[in-house]
Structure formats: structure tokens, C-alpha cells
Amino acid sequence: MAMVKVMVIDVGLGNIGSVLAAFERLGVSVELLSQPPDDADSFSHVVLPGVGAYSAGMDALISRGWNGWLHNIWAPLHKPLLGICLGMQLLSTQGLEGADIGETVSGLNLIPGEVIRMDPGPGLALPHVGWNDVHFHNSDCPIFRGIVQDGDFYFVHSYAFKPYSAEHIQASSHYGSSFVVAVGDSIRNVWGMQFHPEKSQKLGSRLLLNFLGLKPFSRNG
Amino acid sequence: MQLALRKSFRGPQPVLVVTRDFGARRAIGDPLSQAKIYEAQLADELVLVDLERSEESWLMLLDSVSAMANALATPLTVGGGIRRLDQVQQLLDRGADKVVLNSGALAEPALIDQVGNAYGSQCVVISIDARQDELLGWQVWGEGGQEASGRGVLIWAKEAIKRGAGEILITAIERDGSGQGLDLALTRELVAEIGVPLISSGGCGRAEHFVAGYEAGAAAVAAGTFFCQRDQNPMQCRSRIRNAGLPIRLEV
């Protein structure tokens, strides 16, 4: 297996240290970068973590040049990219959080969809905080290999990703109503998780290990 | 699970303690070792509160948070002595997921707005330590439960939520460490009136007390002393809660 070296994008969006520590516990080489590197050759995997508001997240990525780097440098290589929590939401086409009324904020548009405020219904509070069951839809999804169906993962969020295409939905949970908690495009090798694998004990570690097992997609195999 | 951290009397080492009636403290051991045990036993979340709330203990708290965040994959909620926004950043930088505000917010309620605006309400837990007053009903006590704040519990909880609190951690001071069970009336009263998750704390002595707390509407039940005595551990407690018919995470 080629050397695994994980790049964690750090643009000041909250609890990045826990993500870094989670990969270190798995024994892989990991580096925090606040600015995009000149080339992508020395990294095998990129992780975009973050908590906070969608608009603030996009501002932080764009101002440092990450939007262009992810599209023009990383994505064409088909190397694995994982968004966690806000990082997953930012993979979408557009979001409502932090936008003016009637407006939207443009996202990275790596997985088509939109991020909207959850509407769990009466008696259920937002944010949705705590452990919840995760139901994956495709047993062949490499991210969920070896993960028990309806296993619990840790969540903290008020907005949820709604992909435009059902084929990108990898897993869902229920909080008042169903919502998408994992997205993935195996061709582009872009993945996202609404929950926090780095805070989800054994199951979370397994999931990160599955991500590290992903190889650059190549049409020639 | 509520874990409290304080400086040992014997030397500059952090020691995990549990309290009774917010007074007498019993040392449990090294915070990191204990936290690892609690994670292995499937604790859902660890709440670490610095009881000393001094400048020296703050640095110790930061070190403990770093060590725990590096070693554990369990959500960490940390507080004790937070009075300024930059302290919140220091905790989050070291791997805390949420912060607990108490006396700092009572003294300066705008602190809640500041933290909520900067990091989102999901990051802000307001801890309310409550004593019942014969005339005034449930009252908020600050400074480690030692000073009457002059605020009613419900009014303060609502103000805190309006300002951006994402969760309320309520502790009935007189139940702390007593093992008599949670104050269910207080739990129910708050659940009925607030629109955010309530963590009920103070008094769990048997697994049934957790069940009663959830049945009263609490989103979570926190305990310290309970998990430090006899052979009680989160895993057994969890099984008992599941056996009572409540949905809770079990080992997989």
C-alpha cells in the first residue's frame, strides 16, 4: 500500500485538534495545513473538518484559496476527500446558514445538494446533540465496511445536507424525521459525514480507518 | 457523567473528585486514567469542571483537556472559571467540544451571546446550580453553589437560551452526592418550559434514578459519585436503562 499521509485542512473552524488526534491514534502521518500546498503529491488523503456556520466556513475556505485548490488540484487526482460535520455540509452546492433571507451561500459544489435547517417537529430541540443511530443504505459502501447497521455515532448540528441525487446518499438517521448523515461519490472519491467519527469511540475509529483504506480512483483500475 | 477536576492539596497535580452537597470532596484519581476507563465503559460524554477556578488550576485544566482529547474519542464538555471569550477558544483549541458556563455567565450574561455567536449554540452548555427556597421556589446559586444569585431558575434558563445556550445542565445542589435520586419535579418543570436539551444532575444513586430522569424528560443524565462507588459503571447502568425500555446506545 502506498504511504498514507493525511492532510487536515485547518481554516480555524473549531475543534480540529480532535480530528488530528484521531488520525494520530490510528498511527498514520497527518499534517495540519491552513494554506493550500503547491502540489498534492505528498498527500494521500484530505480531511475537511469544521464546526460553525456555513457562510463563515465558505468565507474561510475561499479567502485562503482552498476552493480553487480542491477543485483544480485535488479533485482531478481522484484521491479521497472527507468532509466532517460543517466540512461535509460545505461539499454541497449551496447553504442557507448565514445567508440573507431569500438568499443562499454558494458551497464547494463537490456533491450537488443543499444544506438546510432541520425541522424535527414539536418537542424536539435543535441543535441535534448526542448519539444517534446511523443507517447506511448501501452495504457495499467502503466507508461503512465492518460497521454494524444502526450503530451509534455522535452528532452536534442544526443544519442537514440534502443531496440533489439519491445516489449520493450513503446513510441516514432519524430525528423527528429522516435526514442524511453520510454522503459519498465513489467516482470523485468525495465523502462526507455529518456526525463526528473522531468523537464516536470504536465505531468512529473504524470508519476513519475505512476512509484511510480508500485508494485514488482510477478508470484503469 | 459529570466529572470534576481540582488541584490536589498535596501537590500541583490535578485530581478527579466527586462532591457531596457541593462541599465535601472525595478524590477519585488521575483525570486521564479515569476518563480512559469511562470511555472503555461507553460513557456518552465527559463533563469536566474545574472546582478551584483559579489562575493556576486553569492551566492545569487546559493540560488535562489536551491529554484527554488526544487519548479519547469521546465528546468532552469543559468548564469551571470561564469568564472571557478567549478562555473558550483556549479550551476548544485543546479539544473540548462544548464549554460549560456558570458563574461567569451569571456575572456577565452577554458572555453567553459572545460564545454562542462565535462558536454556535451547540457549543454552549449553561450549568445551573439550584437550591429550593420556601418562598421564592428554585433559585440559582453561583460561585460553586455558594452564593445566591438572586435569580429564579426558570427565568435564568430562559434568558440563557434566548442569549444562545444550546443545552442546560441543571443540578439540585442538595442532592449532589446524596444517592437519593434526581429532583424529578425540577427536571419536569424545566423540560416543560425550555426548548433545548436538559441534562439532569445531582443525586443518582441507583440505575433506576437514571431511568426516572429520562422518563421525566431529561435528554441526558449526568452523575459523578454514582460511577465512583461500589462496582457501578456506565456499561451496567446502560443495560439497566435499556432493560427499562428506553432507547440507549449499547456496545456493538
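If you go through region B:27-58 and keep only what is closer than 20 Å to residue A:154 by Cβ and either acidic (Asp, Glu) or touching a Lys or Arg at 6+ places or on another chain (Cβ under 8 Å) (or both), you end up with B:39, B:42, B:44, B:45. For the structure I just gave you, tell me whether residue B:159 is surrounded by fewer than 20 Cβ atoms within 10 Å (Cβ to Cβ), free of Cβ contacts under 8 Å to residues at least 60 places away in the same chain and under 17 Å from the mean Cα position of the chain (by Cα). Against the criterion (surrounded by fewer than 20 Cβ atoms within 10 Å (Cβ to Cβ), free of Cβ contacts under 8 Å to residues at least 60 places away in the same chain and under 17 Å from the mean Cα position of the chain (by Cα)), residue B:159 does not qualify.
Considering each residue of region B:75-87 in turn, none proves to be surrounded by 20 or more Cβ atoms within 10 Å (Cβ to Cβ), modelled with pLDDT under 90 and within 14 Å of another protein chain (Cβ to nearest Cβ). Is there a residue being hydroxyl-bearing (Ser, Thr, Tyr), crowded, with 17+ Cβ neighbours inside 10 Å, closer than 25 Å to residue B:129 by Cα and in contact with a Pro (Cβ under 7 Å, 6 or more places away or on another chain) anywhere in region B:55-69? Within region B:55-69, one or more residues are hydroxyl-bearing (Ser, Thr, Tyr), crowded, with 17+ Cβ neighbours inside 10 Å, closer than 25 Å to residue B:129 by Cα and in contact with a Pro (Cβ under 7 Å, 6 or more places away or on another chain). The residues listed here are B:40, B:27, B:69, B:35; of these, the one that is without any contact (Cβ under 8 Å) to a residue 24 or more places away in the chain and within 14 Å of chain A (Cβ to nearest Cβ) is B:40.
Close Cβ contacts (under 6 Å, 6 or more residues apart or on different chains) running from residues in region A:4-25 that are on the phi > 0 side of the Ramachandran plot and more than 10 Å from chain B (Cβ to nearest Cβ) to residues that are among the charged types (D, E, K, R) and in a helix (DSSP H, G or I) are absent. Would you check if residue B:179 is surrounded by fewer than 19 Cβ atoms within 10 Å (Cβ to Cβ) and under 17 Å from the mean Cα position of the chain (by Cα)? Taking the combined requirement at face value, the residue satisfies it. Here is the figure for region B:25-48: residues that are of a type in the set (Asp, Glu) and over 21 Å from residue A:131 (Cβ atoms) total 1.
Note on region B:135-252: enclosed helices (runs of 4 or more DSSP H) holding 1 or more residues that are in contact with a Lys or Arg (Cβ under 8 Å, 6 or more places away or on another chain) and within 14 Å of chain A (Cβ to nearest Cβ) are B:184-193, B:234-243.
Scanning region B:26-42 turns up no residue that is touching a Leu at 6+ places or on another chain (Cβ under 8 Å), crowded, with 23+ Cβ neighbours inside 10 Å, of a type in the set (S, T, N, Q) and closer than 23 Å to residue B:202 by Cα. Any idea which residue in region A:26-65 is farthest from the other protein chains (Cβ to nearest Cβ), counting only those that are of a type in the set (S, T, N, Q) and farther than 15 Å from residue A:81 by Cβ? So, considering only residues that are of a type in the set (S, T, N, Q) and farther than 15 Å from residue A:81 by Cβ, the one farthest from the other protein chains (Cβ to nearest Cβ) is A:42.
Scanning region A:12-68 for residues that are β-branched (Val, Ile, Thr), surrounded by fewer than 22 Cβ atoms within 10 Å (Cβ to Cβ) and part of a loop (DSSP other than H, G, I, E, B) turns up just one, A:28. Go through region B:109-122 and count every residue that is more than 8 Å from chain A (Cβ to nearest Cβ) and in contact with a helix residue (DSSP H, G or I) (Cβ under 9 Å, 6 or more places away or on another chain). Total meeting the criteria: 9.
All conditions in (1) free of Cβ contacts under 8 Å to residues at least 24 places away in the same chain; (2) surrounded by 14 or more Cβ atoms within 10 Å (Cβ to Cβ) hold for residue B:210, with the sole exception of (1).
For region B:77-123, the helices (runs of 4 or more DSSP H) that sit wholly inside it and include 3 or more residues that are closer than 21 Å to residue B:67 by Cβ are B:85-93.
Strands (runs of 3 or more DSSP E) fully within region A:106-221 that include at least 3 residues being within 14 Å of chain B (Cβ to nearest Cβ): A:128-136, A:151-157, A:169-175. Of the residues making up region B:113-130, just one is surrounded by fewer than 24 Cβ atoms within 10 Å (Cβ to Cβ) and of a type in the set (A, V, I, L, M, F, W, C), namely B:118.
For (1) in contact with a Leu (Cβ under 8 Å, 6 or more places away or on another chain); (2) crowded, with 18+ Cβ neighbours inside 10 Å, each residue gets a yes or a no:
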position: A:90; (1), (2): yes, yes
position: A:95; (1), (2): no, yes
position: A:103; (1), (2): no, no
position: A:108; (1), (2): yes, yes
position: A:112; (1), (2): no, no
position: A:119; (1), (2): no, no
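Just to be sure, is residue B:125 touching a strand residue (DSSP E or B) at 6+ places or on another chain (Cβ under 8 Å), within 23 Å of residue B:172 (Cα to Cα) and within 14 Å of chain A (Cβ to nearest Cβ)? Criteria met by residue B:125.
The values are calculated or read from the model by the stated rules, or taken from the named source; none is laboratory data. Computed from a prediction, not measured in an experiment: that's the story for all the values here. Glycine also receives a Cβ, built like all others from the backbone with ideal geometry; neighbour counts cover every protein chain displayed.
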